[in-house]
Each structure stands twice: as structure tokens, then as C-alpha cells.
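What follows is a single structure, written as C-alpha cells, with notes after it.
The values are calculated or read from the model by the stated rules, or taken from the named source; none is laboratory data. Predicted model, so just to flag it, every value in this text is computed and none were measured. Cβ: placed from backbone, ideal geometry, glycine included. Neighbour counts: every protein chain shown. SASA here: full protein model, heavy atoms, side chains in, ligands and nucleic acids out. Shrake-Rupley method; radii C 1.70, N 1.55, O 1.52, S 1.80 Å.
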Amino acid sequence: MTKQLAPKVLCVVGARPNFMKIAPIMDALAASPLQVRLVHTGQHYDEAMKHQFFNQLGIPRPDMDLEVGSGSHAVQTAEVMRRFEPVVDAEQPNAVLVVGDVNSTIACALVASKKGIPVVHVEAGLRSYDRTMPEEINRILTDQISDLLFTTERSARDNLLREGIADERIHFVGNVMIDTLLRHVKQAVPVEQVLSGFVNAPVFLQSATGYGVLTLHRPSNVDDPVVLERLLVTLRNISERLPLIFPVHPRTESRIKALGLESLTLTPRIQRLPPQGYLEMLGLMSRARLVLTDSGGIQEETTALGVPCITLRESTERPITAEQGTNTIVGTDPEKILSAANEILSEALSKGRKAGQVPELWDGRAAQRIAVILEKWLK
Ligand code: UD1
């Protein structure tokens, strides 16, 4: 079959966590007979949140950039839909492929399904069972209108079956985010290089205890002043035992400033950094003694790297990282965070249980499995 006559797949990315998921899929589809187009919704638009990921991960330039930008959930979702519809009309794809759980995911899935175009969802079936998370709503709704659902862990199939999704639509293929990690881990930027030029760098590079990495951006953690202040006080406390490198998400940066909480991070044992590129984050995480985060993807990446992770949320949609991997779900209670950190930092445990194991099919070949199944399905 020549490419021109082959079925056409319109792939969608929008926000930072989408980029590492789409990269291996674009590669695998390029090697398949299928025609592929890439649409960037522009949900994330800063250099630090967008361009450097395309360059570092070798993602092809998007065929279309919708330049949607920020807004309330309603405005952002509606704007993606409004701008995506004419693209679908012009391209007439045989399927629309969406990844993850961001607003761009549900917006584009909704446009496609209303037009009778099959929706393919990569990273389907994850559930935190916490509907206050905007991503949880995006996950449930995207899965309901998807025709082909690719999962990263076995529990996802059970979640989908409970929600009435037909078994034959679900395919357990592994984790495309880990495809990207395995492909790039050797090119990770060394921590010395990431920190060069920052005043506190010597504290981190000469620390006998090593260092920790901290990320924080969930609205439930950073939008509420009481929760954010309590978290920052606790993390500052941990930094006295383990110096912390803190790449700050734009949402968090603006909240810390607006709430006048900057002084809580002003210690030589906390190094704030601007949002980092993929290879820089990989370099920071892979040598960390401990990672503290509220991100979804980082829970999976630390499990693949074998680095202990404390998740600053009450639940996870990625239970395998806690059951088999290095993740501990701790929540935001200061005492629980401190005691989890102390436990991990005590030598015996960090060499024992928290070493974890890499989950089934997180082997670097998930995207290839997706391409094979998708090609067959579209025929
Ligand atoms: C979004 C995703 C979240 C994901 C996160 C990773 C949804 C519902 N949320 O959250 O699942 O974990 O991305 O980053 O889709 N901003 C910039 N520059 C940018 C993008 C955003 O400065 O390039 C600022 C803006 O002030 C914006 C705020 O960050 O209002 C939040 O951005 P938004 O895309 O709404 O949500 P995230 O919190 O990034």
C-alpha cells in the first residue's frame, strides 16, 4: 500500500506531558504504512514548556499549531474544539489519536467522535477515583468515546470493563512514556551541567547525602494558599536533611509569588530552577536519592529508573508504581511526608523494598505494539 492511499491518523498533542508520549508513537507510525499528521493545540506554549521537548525528543514539527494558549478549563477546552474542527474537516482522517488526560485530549476526542471519526486513546483506563482532579474527568470522558484503547498497566482494563467498555477495544501494550525514557536515558544531561551557574550548586554537588528533586503543580496543591504554605514549610524541613532541587512549574511560580511565599524557598538547601527540558529532568531524577512530586508521569519515570518517589497526593491513577515500583502515596499531611522521607533516607529501606521492579511491558516497545494493532484495526 502506498502512503498516499493508506489510512490517515491525526495525532494530537497539547501540553508538556503529552510530548514524551507522542514522540515514540510518531516514530513507530512513520515506519508503518499509515499516513500521519501531527496537530499541536498550543495548550502549552512557552519555550520551556514546549519547544525544547520537540527538539530533544526529535518530534517532527507539527503540521498544524492551533495556538490555543491558557484560559479557564471551559475556555481552553472550547477553544481547542473550535480550532480543531476545521482541521478535521480539511484532513478527513480515518482516526484521531489522543494521549494522556489533559484538556486537549478530551477536546479533540469530543470533536472527532461527534463527526463519526474513530478515537484512539493512548494511556486509557487510568483512574484516581478523585473527581476533583480535572484530569480524572478528562480520562473518564475520553475513554467513553474512544473506539480503540491502549493501556499501560493491567488494572486499567478492569477499570474500563467496569465502565462498560467492550473488552475487544482494549489493548494492553505497555507504556509509551517509558519507551521515551529508555531511548533517551543515555543522553540525560548530567546534574553538574543542569546546576552550573546556579548559586547553590556547590551544596548539591558536594552533599554527602546526595540530593532530592521536587516538583509541584497540581491545582489541589498549589492553588489553595493553606495547602501550598504547609507543603513548602514541610519541604523546607526535609531540605535540612536532603537538599532539594525544585524546577518550578509556571502555575506554581505565579502562586508562590502571588501569595508572598517566596521566603519559604529561600535557603541554600533548596535550588529553584525554571521548568526543565526532558533530558535535564532525566539527568536530575536518575541521580536523585529521592523524588517528591504530585505529577503523574514522574511516578512512572521514577519507577522505571528505580529511584524512590514520594507522591504528594492522596491517590494515584497509576497504582502499579506503588504496588510494584518505587512509589509511595503519601498525601499532603506534613507528618506523613516527613516520616516517609525519613524512612526512605534510612539506608536499609532505600536499598530494600523501594528498589521496586519495572512493570510488565514497560520495555521500550509500547509504541511499536500500538502501530501494529492500529494498522491492522484501520484495515
Ligand atoms: C496541564 C494539565 C495537567 C498536566 C500539566 C503539566 C489539564 C487539565 N492539565 O496543567 O494535567 O499535568 O499541564 O504541565 O490539561 N502557563 C505558562 N506557560 C505555558 C503554559 C501554561 O506560563 O506554556 C501557565 C499559565 O499561567 C496557565 C497555567 O500555567 O494559566 C496553567 O496552565 P494549564 O495548561 O491551564 O494547566 P497546567 O497546570 O499546566
In the stretch 48-97, how many residues are outside any helix (DSSP H, G or I), modelled with pLDDT of 95 or more, open to solvent by less than 40 Å² (accessible area, probe 1.4 Å) and within 12 Å of the ligand (Cβ to nearest atom)? 2
Only residues in the stretch 284-299 that are under 17 Å from residue 337 (Cα atoms) count as the first member; pair them with residues that are at pLDDT below 95 and within 16 Å of the ligand (Cβ to nearest atom), Cβ under 6 angstrom, at least 6 apart or cross-chain, and list the lot. none
Cβ pairs under 6 Å, 6+ apart or interchain, first in the stretch 357-369 and outside any loop (DSSP other than H, G, I, E, B), second not aliphatic (A, V, I, L, M), ordered by first then second residue, are 366/174; 366/175; 366/179; 367/24; 367/179
Can you pull out the residues in the stretch 248-289 that are within 16 Å of the ligand (Cβ to nearest atom), assigned to a loop (DSSP other than H, G, I, E, B) and buried (at least 16 other Cβ atoms within 10 Å of the Cβ)? 248, 249, 259, 275, 276, 277
Select the helices (runs of 4 or more DSSP H) contained entirely in the stretch 114-212, then report the ones holding at least 2 residues which are within 30 Å of residue 76 (Cβ to Cβ) and without any contact (Cβ under 8 Å) to a residue 40 or more places away in the chain. 134-144, 154-162
Of all residues in the stretch 85-109, which are over 18 Å from the mean Cα position of the chain (by Cα), free of Cβ contacts under 8 Å to residues at least 60 places away in the same chain and under 24 Å from residue 123 (Cα atoms)? 85, 109
Hey, does the stretch 310-319 have a residue that's in the same structural domain as residue 29 (by TED's automatic domain parsing) and either surrounded by fewer than 17 Cβ atoms within 10 Å (Cβ to Cβ) or over 25 Å from residue 122 (Cα atoms) (or both)? no
Under the condition of being over 21 Å from the mean Cα position of the chain (by Cα) and of a type outside the set (Lys, Arg), which residue from the stretch 30-46 is nearest to the ligand (Cβ to nearest atom)? 36
